[in-house]
Amino acid sequence: MSRGSAALTAARKEEIIQACAKLNETMSFKEITIKEIGAATSFTRTSIYNYFETKEEIFLALLQKEYELWVEAMNAAMEQKEAMTRDELAQTLARTLTDRPRLLRLLSMNLYDMEANSRPERLAEFKVAFGASLKTVERMVAQYAPEMDQAARQRFLYAFFPFIYGIYPYTTVTEKQKEAMAQAGIPYVYQSAYELAYACLKKLLTQ
């Protein structure tokens, strides 16, 4: 493949991913179709199939990009400070995560179906980005909380990462949901994504 065609492929994939991201700001996963995404690009809808076979592959690529951006933010934070207290580490991790609301929204979607309807090579690309986020968080914990051994760091990772899948639904509640909670006698107490993430991180880092 020539350099020009490789660059065109990368540019078109990026355009498709960004079109999907833009649509997802006002539409749900269910509402967005390949046709809708194609209409938001500068080329024909059928051309999308040269780069992605399913809608799920496009969303998975978007989620991959969000993980990569989160890793960049964590690396930038580590470059700024050689040492942090555990509380500062909790604050920093919470901030880098919740500065990416699109990541939190995508994580609240049905990742199982997204992965199931993506080709193995696309899934492998995504897993590389996901794995990088795991390794980067572990590296931050190892650097700023060196008293935690490998076993403790593993327990931290596998408590924190499943937790972040539920942040978005707890912080983005519709009026319909609030009314249903009121009818069910469940008090609604708003907490921001940062507040939830920080409280969880602080608890996990002090155990």
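Read-outs throughout are calculated quantities, based only on the coordinates presented, and are distinct from any laboratory measurement. Being a predicted model, the structure only gives us computed values, none of them experimental. Cβ placement follows ideal geometry from the backbone for every residue including glycine, while neighbour counts extend to all protein chains displayed.
Here are a few things to note about the model shown:
- Its alpha carbons give region 1-51 an Rg and a Dmax of 11.8, 38 Å.
- Helix 3-24 and the long axis of the chain differ in direction by around 70°, with both axes built from C-alpha atoms.
- Relative contact order, whole percent, for the chain stands at 23, derived from Cα pairs under 8 Å and 6 or more residues apart.
- Helix 193-205 axis versus longest C-alpha principal axis of the chain: approximately 50°, rounded to the nearest ten.
- Modelled label reach - SER28, point 7 Å along Cα→Cβ, region 152-169 residues with backbone N closer than 19 Å: 166-169
- Listed by chain and number, the lysines whose C-alpha is less than 24 Å from the C-alpha of LYS127, apart from same-chain residues fewer than 8 away, are LYS13, LYS22, LYS30, LYS55, LYS65, LYS135.
- Stokes-Einstein D (µm²/s) once Rh is taken as the Kirkwood radius of region 29-140 over alpha-carbon pairs, at 37 °C in 0.692 mPa s: 211
- Quarter of the Cα convex hull surface for region 1-91, i.e. its orientation-mean projected area (nm²): 8.6
- Coupling constants for region 46-56 follow from the phi torsions by the Karplus curve (6.51 cos²θ - 1.76 cosθ + 1.60, θ = phi - 60°), and in residue order they are 5, 5, 4, 5, 6, 10, 9, 8, 9, 4, 4 Hz; glycine and proline get x.
- FRET efficiency, VAL128 to GLN18 (Cβ-Cβ, R0 22 Å, nearest 0.05): 0.60
- Positive-pole candidate from ALA76, LEU60, LEU134, dipole of region 56-205, charges at beta carbon: LEU134
- For percent of Cα pairs over 23 Å apart, the value computed from the atomic coordinates appears in the list (1) 53; (2) 41; (3) 67 under label (1).
- Mean ellipticity per residue at 222 nm, deg cm²/dmol - from DSSP H runs of n ≥ 4 across the chain, formula -39500 (n - 2.57): -22500 deg cm²/dmol
- With a Förster radius of 22 Å applied to the beta-carbon distance between ASP113 and VAL189, the computed FRET efficiency rounds to 0.10.
- Vicinal HN-Hα couplings computed from phi for region 103-119 (Karplus, 6.51 cos²θ - 1.76 cosθ + 1.60; Hz; Gly/Pro x): 4, 5, 5, 5, 5, 7, 7, 7, 5, 4, 6, 4, 6, 5, 9, 10, 5
- The H on the amide N of GLU53, modeled in the peptide plane, is under 5 Å from the matching H of no residue at least 5 residues off or on a different chain.
- Rounded to 10°, Cα long-axis angle of helix 150-164 versus longest principal axis of the chain: 60
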